[in-house]
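This report refers to the structure that appears directly beneath it.
Since every read-out is calculated from the coordinates, none of them should be taken as a lab result. The model shown is predicted, which means the values in this text are computed figures rather than measured ones. All Cβ positions, even for glycine, are placed from backbone atoms using ideal geometry, and neighbour counts span all protein chains on display.
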There are 2 protein chains.
Amino acid sequence: MSWRDGYIAVDWGTTNRRAYALDGSRNLIDSFEDELGLLAVPSGGFEAAAADIRERLGDRPMLLAGMVGSNRGWREAPYAAAPAGARDLAEAIAWIEPGRTGIVPGVSQRGAAGADVMRGEEVQVLGAVAAGLVPADCVICHPGTHAKWILMEAGRIASFRTMMTGEVFSLLSKHSILADQLEGDGAADDAFRAGVAEALAGRELLSALFGIRARHLLGEEVGDPASYASGLLVGSDVRAGLGLYPDRPLALIGRPELCELYRAAMAEAGREAPEVDGAEAFVAGMNMLTQML
Amino acid sequence: MSWRDGYIAVDWGTTNRRAYALDGSRNLIDSFEDELGLLAVPSGGFEAAAADIRERLGDRPMLLAGMVGSNRGWREAPYAAAPAGARDLAEAIAWIEPGRTGIVPGVSQRGAAGADVMRGEEVQVLGAVAAGLVPADCVICHPGTHAKWILMEAGRIASFRTMMTGEVFSLLSKHSILADQLEGDGAADDAFRAGVAEALAGRELLSALFGIRARHLLGEEVGDPASYASGLLVGSDVRAGLGLYPDRPLALIGRPELCELYRAAMAEAGREAPEVDGAEAFVAGMNMLTQML
């Protein structure tokens, strides 16, 4: 069975995995998502975890991307160096079994642009360009645990910058003195916009965050503290991101609920960005890559 | 026995406590520090924990300050509202037993200056002014888990701002993806100064922090990552703090090892600040308060 007859695409991350079965015409036949991310796979357990995917989606060639290619994953797929396009990724696939099971590399950046890495987002952004969902020259914001701002030039990843936005929110929610007040993920409400506005105005994050605690102690809370904290973080992220590559068309790619928060923050900054579902972009990217095999 | 004949001063925080015995001339007779902070005192155990202090330092009147007066402590001592001076604190002491055992209140701030609170630092800064260790009009930086920038006017606490600097460093060291690289507290070395310089230049913290991870993955680490992360955080803190109350004389009060980091960061910003040991300032503050009883 060759890639032309259909294949399985897997976005395998730290905490979950999403698998898609595509037919020869690249129509989606079947898919599933579960929580068998890297952290849940026992040592030496990737062969079995991949066999399980084939049992559920059929015995087809399989292309994987994401943290599964990191040094904590199945096999390390060395990074392709930015600037990088689809052909660079296809040529650098790390084959578990040639022609049958391979892992797409992430992208790295060195030098004056600043050391940085991505794994998984590269498939989505290159796929979104290939499918015509975003322009070949634009800045893509990809929200997440480690949010990315990616400069696309002529359809290639030119440079990028990662922000620990989602991870810092999670640290604050789970382990900080604010943990009692930060319940849930917040929403794009008035409290969120207030946080965004403070961040865009340059309010220091370390100080604004403590204000959540102080207002609680003084009985001055207004709105959902989780929304406000999220607004501070996303606002800081958007402020820095918009400053990196000014005057370029913007796009948002990622999980829809995260894109909604970033869209609201960009609106506060007077900017708009078309949104692309990360899952759709991922499948488009894998389709493009398998056409090169 | 009255306060004039000597007393015990206790700085009782979340994770440890420091107790000092003073004679009638306010000479230090004895002191100890242990880890019986709030978190280590069982429910209903403060009476016994205070009796233990008197067993070790003598049966004298006792004045306490710090988180022991919070809603998680022995008894809540309602905040004195800023602007606040020594007399405001003395008049608002929460008495466990009148004339014998009392807790100094913290200071709160509401309104346009921003909701904020402190417990413990107020004794130190008012004591440092009373003892002539810092000017009556100045800006005091007090490093710590929740670092404070305090504007002193005519020897009173006029306004202040808290930064979650120390807590965020701790969260990153213990719970983040950087935990493996952040060992120890860092030092005022070249890596620290590099972090400070980036922060002073306005580099976004959320992005600079991820660079620690990326450089590690790419084998580009230079210097101690803990020092660099500390430099980013302290530099962000100092940048914001210096901007709050510009053109005022500065002072640093706190634990000497933390003051050293802040002194190094201020030097990068072209500023100098005399340093006062927090323990010395605390005793000076308690001496002043007991003279009002």
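Inter-chain neighbour count for A:211-218: the average number of beta-carbon atoms from partner chains within 10 Å of each residue's beta-carbon is 6. In nanometers and ordered shortest first, the copy-to-copy spacing of the B:ASP23 label point, defined 7 Å from Cα toward Cβ, is 9.7. Distance between the pseudo-spin-label points of A:GLU153 and B:GLU91 (7 Å out from Cα toward the beta carbon): 6.7 nm. Each copy carries a label point for A:SER2 at 7 Å from Cα toward Cβ; from one copy, the others' points are 10.3 nm away, ordered from shortest. Under the simplified labelling scheme, the A:ARG75-A:ASP190 pair shows an inter-label distance of 5.7 nm, with each label point 7 Å from Cα along Cα→Cβ.
When only the Cβ of Lys, Arg, Asp and Glu is charged (+1, +1, -1, -1), the dipole of chain A relative to its Cα centre reaches about 800 debye. Antiparallel beta bridges, as assigned by DSSP with both residues in the protein assembly as shown, represent about 70 percent of the total such bridges.
Here the Karplus relation 6.51 cos²θ - 1.76 cosθ + 1.60, evaluated at θ = phi - 60°, turns the backbone of region A:283-289 into coupling constants of 4, 4, x, 5, 4, 4, 5 Hz, with x for every Gly and Pro. When both region B:136-151 and region B:242-256 are represented by their alpha-carbon centers, they are found 6 Å apart. Legend: ranking of residues B:HIS175, A:HIS146 from fewest to most surrounding C-beta atoms inside 10 Å; resulting order B:HIS175, A:HIS146. Across region B:217-228, coupling constants 3J(HN,Hα) worked out from phi with the 6.51/-1.76/1.60 Karplus curve, θ = phi - 60°, read 5, 9, x, 10, 4, 10, x, 7, x, 5, 5, 4 Hz, and Gly and Pro carry x. Candidate cross-link partners of A:LYS174 among the aspartates and glutamates, defined by an alpha-carbon separation under 14 Å and a same-chain spacing of 8 or more, comprise A:GLU183, A:ASP185, B:GLU167.
Among A:GLU76, A:GLU257, a tally of other beta-carbon atoms within 10 Å of each Cβ gives an order, fewest to most, of A:GLU257, A:GLU76. Stretched out straight at 0.36 nm per residue, the stretch from A:ALA113 to A:GLU220 would grow longer than its current Cα-Cα span by 34.2 nm.
Taking amide H atoms as placed 1.01 Å from N in the peptide plane, the amide H of A:ILE103 lies under 5 Å from those of A:LEU64, A:ALA94, A:TRP95, A:ILE96, each 5 or more residues away in sequence or on another chain. Listing A:GLU55, B:GLU198 from fewest to most neighbouring C-beta atoms within 10 Å gives A:GLU55, B:GLU198. Backbone phi angles across region B:120-127, fed through the Karplus curve with coefficients 6.51, -1.76 and 1.60 (θ = phi - 60°), yield HN-Hα couplings of x, 5, 4, 5, 5, 6, 5, x Hz in residue order; Gly and Pro are listed as x.
For A:ALA194, the shell of other residues with beta-carbons less than 11 Å away shows a net charge of -3, using +1 for Lys and Arg and -1 for Asp and Glu. With label points defined 7 Å past Cα in the direction of Cβ, position A:ALA113 shows copy-to-copy spacings of 4.7 nm, given to one decimal and shortest first. Working note: 222 nm ellipticity from helices only, DSSP H runs with n ≥ 4, each -39,500 (n - 2.57), summed and divided by the residues of chain A, gives -11500 deg cm²/dmol to the nearest 500.
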